[in-house]
1. Filter segment 370-386 for residues that are surrounded by fewer than 22 Cβ atoms within 10 Å (Cβ to Cβ) and part of a loop (DSSP other than H, G, I, E, B) and give the result.
2. For a quick check of your reading: which helices (runs of 4 or more DSSP H) sit entirely within segment 1-77 and have at least 2 residues that are more than 19 Å from D546 (Cα to Cα) and either modelled with pLDDT under 90 or small (G, A, S) (or both)?
3. Would you be able to say whether some residue in segment 347-363 is modelled with pLDDT of 95 or more, within 23 Å of E171 (Cα to Cα) and within 12 Å of the ligand (Cβ to nearest atom)?
4. Kindly check whether there is at least one residue in segment 156-176 that is at positive phi and touching a strand residue (DSSP E or B) at 6+ places or on another chain (Cβ under 7 Å).
5. Report whether or not V333 is within 16 Å of the ligand (Cβ to nearest atom), crowded, with 22+ Cβ neighbours inside 10 Å and of a type in the set (V, I, T).
6. So, A350, is that one within 18 Å of the chain's Cα centre (by Cα) and among the small types (G, A, S) or not?
7. All but one of (1) touching a Phe, Trp or Tyr at 6+ places or on another chain (Cβ under 6 Å); (2) crowded, with 22+ Cβ neighbours inside 10 Å hold for L143; state the number of the condition that does not hold.
8. May I ask you to list pairs of residues, at least six apart or on different chains, whose Cβ atoms are under 8 Å apart, with the first in segment 304-323 being in contact (Cβ under 8 Å) with a residue 60 or more places away in the chain and closer than 17 Å to P451 by Cβ and the second being among the β-branched types (V, I, T) and not in a loop (DSSP other than H, G, I, E, B)?
Amino acid sequence: MSAELVLTASALAAALAGFPALRRRLQLSRAKHRSLAGHSRMAKRVARWMPALHYDDHQFFAADGAPDDVIVQRKLGFERLSQRLRDRAPQTLALGQQTIDGLPDMRFTSRYRIPFPFSAYAKAHLPMGSFWASAQGVTLTDLDGNEHLDLTGSYGVNVLGVDFYKACMAEGAALGGTLGPVLGGYHPCVADNVARLKALSGMDDVSFHMSGTEAVMQAVRLARYHTGKRHLVRFTGAYHGWWEDVQPGPGNPLPPRETYTLKDMDDRSLQVLRSRRDIACVLVNPLQALHPNRNAPGDSTLMDGSRSAHFDRAAYTRWLQQLREVCTERGIVLIFDEVFVGFRLAQGGAQAWFGVQADMVCYGKTLGGGLPVGVVCGRRRWMERFREDRPADICFARGTFNAHPYVMGAMNAFLRRLESPEVRALYDGLDARWAQRLQRFNQAMRDADLPVQAEALSTIWTLNYTQPSRYHWLLQFYLRTHGLALSWVGTGRLVFSLNYTDADIEEAIRRFIAAGQQMQADGWWWNDRGLTHRGIRQQMARELLDAKTRQVWHRLTGRQTA
Ligand SMILES: Cc1ncc(COP(=O)(O)O)c(C=O)c1O
């Protein structure tokens, strides 16, 4: 740093010392990640500004400037792919067609599985079934009898294999069936669930809810109640469910309110936590360790192929330790949102795996033994819903279906089975086993000369692409025709259940290679070396600007431009 710069910086620091509020404001700005994901307000503005852009049937094939022979190759390949998707699953697709009209969730997922400029054309020609008839082992079977390896992981619920959950659900129904819909009072198995969850989480109290979203809501509400502070801190890109305060950017129609979105794994965020007095809690989703400061890696954002993920266990552990220290120092409630990773990384969840104890932990997904659930475990001082000395000042959190007998029964079956030798065996040596599988997958992709490499947090994998392209998102369609089922997020999130055997992994690799080679042969990964991530982004920016100009022109004149 030059002498003048040092002088300027120290002069600025001295000036700011006299204005603590300004200093804290500046500190906050510096602790924001520079991406749009780190700037919720700006991201919402950009989302509102973004014009519709739909490639026509020429642009769709030539978006990267590929030569004519490659375009022909792509068109032929596309026709085959489209036909294959239709031929193999007529009944599955017919039911989708019949239902989509009344099911906005299905319309959303079918639209947002790919980047929006491609989506209208692809949706018309690449139908993807959304119905399943049965599941067993590590497979899902559609209505036409096509068997797929299940990489959806049921949004993360399926940690131990579908048959495990079927058994838990049946046991839960048998247990809870004696009470049926009796709510308000508790089934006796609740006592056992509370005892087991206290032991597993190392916490004093347990609170039952109906979804992960609700559990996080309750944890944050309690933190605000007990600290008397309003703001929550979340880290850039982290998902904590779909309620307002944890989703301050696009996706939520309201403007950001009492939420600070800070840079993950960054000293400046620690400084904010050290210096501000309005922070009630810090929310941590340990799944972000795989891609700090980035949103969930869906294929809809795979515009140029520059997606990257990398997990550094030592660095993330250090980060959690630092958060622990600063939260203890400042009386901020540290909440681990283990809705996704709980019971997946280890039986004791992320707390045990990273060796860091939170003040509250949220669980969900798998803990319901296959039924919907959200759970908060926490220290007594944060979990109480009333105050002895101010009886009217309560923190209300009740829900009709909390602690439903069937859910409690299935949870009880889940928790008891966790102790069984068969389940323990799945966790034994889990890290080494999955690290070796990841290596094997990546080696196989390299050997097959495919531009695909996986990064993983244990059994949660994300695919990175080793060359720029505008068409990586197409891989999910080829994978489907080769019997691999992904969630609508696509190749950004492959979720394996722990009951995958080595032979199952080999079969998955074989299908990946077959799908990838077909995509390669159809010309989608053409690259003349002139194609760069930056070049693709610049071209996208030009296209969007053009589209915006046309949109404004149309609005002003009522006429379309040529
Ligand atoms: C980390 C995390 N928190 C909260 C949620 C919300 O849970 P639910 O979908 O059960 O409301 C999810 C869901 O994916 C999640 O992954």
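The values are calculated or read from the model by the stated rules, or taken from the named source; none is laboratory data. Predicted model, so just to flag it, every value in this text is computed and none were measured. Here the Cβ is made from the backbone with ideal geometry for all residues, glycine too, and neighbour counts use every protein chain on show.
1. Passing the criteria: P372, R379, E384, R385, F386.
2. Working: elements: 3-17, 20-30, 40-49, 59-62.
Qualifying helices (runs of 4 or more DSSP H): 3-17, 20-30, 40-49.
3. yes
4. Residues of segment 156-176 that are at positive phi, as a first pass: 156, 161.
Within this subset, residues satisfying the condition of being touching a strand residue (DSSP E or B) at 6+ places or on another chain (Cβ under 7 Å) are 156.
The answer is yes, given that some residue of segment 156-176 is at positive phi and touching a strand residue (DSSP E or B) at 6+ places or on another chain (Cβ under 7 Å).
5. Details: within 16 Å of the ligand (Cβ to nearest atom): no; crowded, with 22+ Cβ neighbours inside 10 Å: yes; of a type in the set (V, I, T): yes.
It is false that V333 is within 16 Å of the ligand (Cβ to nearest atom), crowded, with 22+ Cβ neighbours inside 10 Å and of a type in the set (V, I, T).
6. Working: within 18 Å of the chain's Cα centre (by Cα): yes; among the small types (G, A, S): yes.
Yes, satisfied.
7. L143 satisfies every listed condition except (2).
8. Sorted first by the residue in segment 304-323, then by its partner, the pairs are D304/I536; G305/I536; R307/T301; R307/T462; A309/T462.
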